[in-house]
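Some notes on the structure that comes next.
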Amino acid sequence: MKTVRTSTGLKFTRWMRNSLPPPSYVKAAGFQGRVDRCQEFEFVAPNTILQWTGATDAGTATDNPQRDFRFQFRLFHGLTPETETSCFYFWSAANGYRQNDPEATEQLYREIAPTFLEDKAMVEAQQNRLDELGEQGLVDIASDASRMHMRRIVERLIASEQSAAAAK
């Protein structure tokens, strides 16, 4: 995964070349074999993630996957705090393939929605463990680099807001 800092947060890109396509990609685009997949995430501090994901037949990826991939879609992830340990989470998907086929967008939603419910269960379980054990035992690993950068940005924003409020 490649991570780059931006003026508003972070952008990270992950390539998965010559990989098996997820079943939802096969249903949507009819892939017959392995694919080159790419995911780009942009974290816009403090609460937004813009995601582009796509795939094309293995060995055919170009330098501009957002233009040339035959299967692709965008996701908006928006979070807003509810309490100290919970938030409201909003998401929306935009179909970037078979755009003249309304059923494609419905199919995309039916494929993605259960994944968000699985993610919700996992995040809630992680929060329960943090509530129980605290953060002192956490270990930062290389695959968490983007998460750690995002967290530092948010912590700086919070500290800046608290400092500004105290100065008033």
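Restricting to region 45-82, name every residue that is of a type in the set (S, T, N, Q) and either in contact with a Leu (Cβ under 6 Å, 6 or more places away or on another chain) or over 15 Å from Arg14 (Cα atoms) (or both).
From region 45-82, those of a type in the set (S, T, N, Q) are 47-48, 51, 53, 56, 60, 62, 64, 66, 72, 80; that's our starting set.
Of everything in region 45-82, those that are of a type in the set (S, T, N, Q) and either in contact with a Leu (Cβ under 6 Å, 6 or more places away or on another chain) or over 15 Å from Arg14 (Cα atoms) (or both) turn out to be Asn47, Thr48, Gln51, Thr60, Thr80.
Residues that are assigned to a strand (DSSP E or B) and under 24 Å from Pro46 (Cβ atoms): does region 112-134 have at least one? Reasoning before the result, please.
Within region 112-134, the subset assigned to a strand (DSSP E or B) is none.
The answer is no; no qualifying residue exists.
Suppose we filter Pro81, Pro102, Pro114 for residues that are exposed (fewer than 14 other Cβ atoms within 10 Å of the Cβ), in contact with a Cys (Cβ under 6 Å, 6 or more places away or on another chain) and either more than 21 Å from Thr53 (Cβ to Cβ) or of a type outside the set (A, V, I, L, M, F, W, C) (or both); which single one remains?
Working: Pro102 fails: in contact with a Cys (Cβ under 6 Å, 6 or more places away or on another chain); Pro114 fails: in contact with a Cys (Cβ under 6 Å, 6 or more places away or on another chain).
Pro81 is the lone residue from the list that is exposed (fewer than 14 other Cβ atoms within 10 Å of the Cβ), in contact with a Cys (Cβ under 6 Å, 6 or more places away or on another chain) and either more than 21 Å from Thr53 (Cβ to Cβ) or of a type outside the set (A, V, I, L, M, F, W, C) (or both).
Here are some conditions: (1) more than 20 Å from Arg67 (Cβ to Cβ); (2) part of a loop (DSSP other than H, G, I, E, B). Phe31 meets all but one. Which one does it not meet?
So Phe31 meets the others, but not (1).
In region 77-90, how many are in a strand (DSSP E or B) and either over 12 Å from Lys120 (Cα atoms) or among the polar types (S, T, N, Q) (or both)?
Total meeting the criteria: 8.
Select from region 84-99 the residues that are within 17 Å of the chain's Cα centre (by Cα) and closer than 24 Å to Lys27 by Cβ and write down the one among them that is surrounded by the fewest Cβ atoms within 10 Å (Cβ to Cβ). Break it down into steps so the answer makes sense when it comes.
As a first pass, look at region 84-99 and keep what is within 17 Å of the chain's Cα centre (by Cα): 87-96.
Keeping just the survivors that are closer than 24 Å to Lys27 by Cβ gives 91-96.
Values: Trp91: 15, Ser92: 10, Ala93: 18, Ala94: 13, Asn95: 18, Gly96: 18.
In this case the residue turns out to be Ser92.
Would you pick out the residues in region 129-153 that are at pLDDT below 75 and among the β-branched types (Val, Ile, Thr)?
The answer is none; no residue qualifies.
Can you tell me which of Phe73, Phe69, Phe31, Phe41 is of a type in the set (A, V, I, L, M, F, W, C) and within 30 Å of Leu133 (Cβ to Cβ)? Let's see the steps before the verdict.
On the way: Phe73 fails: within 30 Å of Leu133 (Cβ to Cβ); Phe69 fails: within 30 Å of Leu133 (Cβ to Cβ); Phe31 fails: within 30 Å of Leu133 (Cβ to Cβ).
Result: Phe41 is the single residue among Phe73, Phe69, Phe31, Phe41 that is of a type in the set (A, V, I, L, M, F, W, C) and within 30 Å of Leu133 (Cβ to Cβ).
Take the residues in region 52-69 that are closer than 16 Å to Ser19 by Cα and either among the basic types (Lys, Arg) or buried (at least 19 other Cβ atoms within 10 Å of the Cβ) (or both); name whichever of them is modelled with the lowest pLDDT.
Pro65
Search region 23-39 for residues being closer than 18 Å to Phe12 by Cβ and surrounded by 18 or more Cβ atoms within 10 Å (Cβ to Cβ), and hand back the single one that is nearest to the chain's Cα centre (by Cα).
Within region 23-39, the first condition is being closer than 18 Å to Phe12 by Cβ, and the residues that meet it are 36-39.
Within this subset, residues satisfying the condition of being surrounded by 18 or more Cβ atoms within 10 Å (Cβ to Cβ) are 36-38.
On the way: Asp36: 18, Arg37: 14, Cys38: 12 Å.
That would be Cys38.
Can you find a residue in region 132-146 that is small (Gly, Ala, Ser), in contact with a Phe, Trp or Tyr (Cβ under 9 Å, 6 or more places away or on another chain) and surrounded by 10 or more Cβ atoms within 10 Å (Cβ to Cβ)?
Our first condition is that a residue be small (Gly, Ala, Ser); within region 132-146, this holds for 134, 137, 142-143, 145-146.
Going one step further and asking which of them are in contact with a Phe, Trp or Tyr (Cβ under 9 Å, 6 or more places away or on another chain), we end up with 145-146.
From what is left, the residues that are surrounded by 10 or more Cβ atoms within 10 Å (Cβ to Cβ) are 145-146.
Yes, region 132-146 contains at least one residue that is small (Gly, Ala, Ser), in contact with a Phe, Trp or Tyr (Cβ under 9 Å, 6 or more places away or on another chain) and surrounded by 10 or more Cβ atoms within 10 Å (Cβ to Cβ).
Can you pull out every residue in region 9-23 that is of a type outside the set (Lys, Arg) and either part of a strand (DSSP E or B) or at pLDDT below 90 (or both)?
The initial filter retains those residues of region 9-23 that are of a type outside the set (Lys, Arg), namely 9-10, 12-13, 15-16, 18-23.
Of everything in region 9-23, those that are of a type outside the set (Lys, Arg) and either part of a strand (DSSP E or B) or at pLDDT below 90 (or both) turn out to be Gly9, Leu10, Phe12, Thr13, Trp15, Met16, Asn18, Ser19.
The values are calculated or read from the model by the stated rules, or taken from the named source; none is laboratory data. Owing to the predicted nature of the structure, the values given are computational and were not obtained by experimental measurement. All Cβ positions, glycine included, derive from the backbone under ideal geometry; neighbour counts span all protein chains shown.
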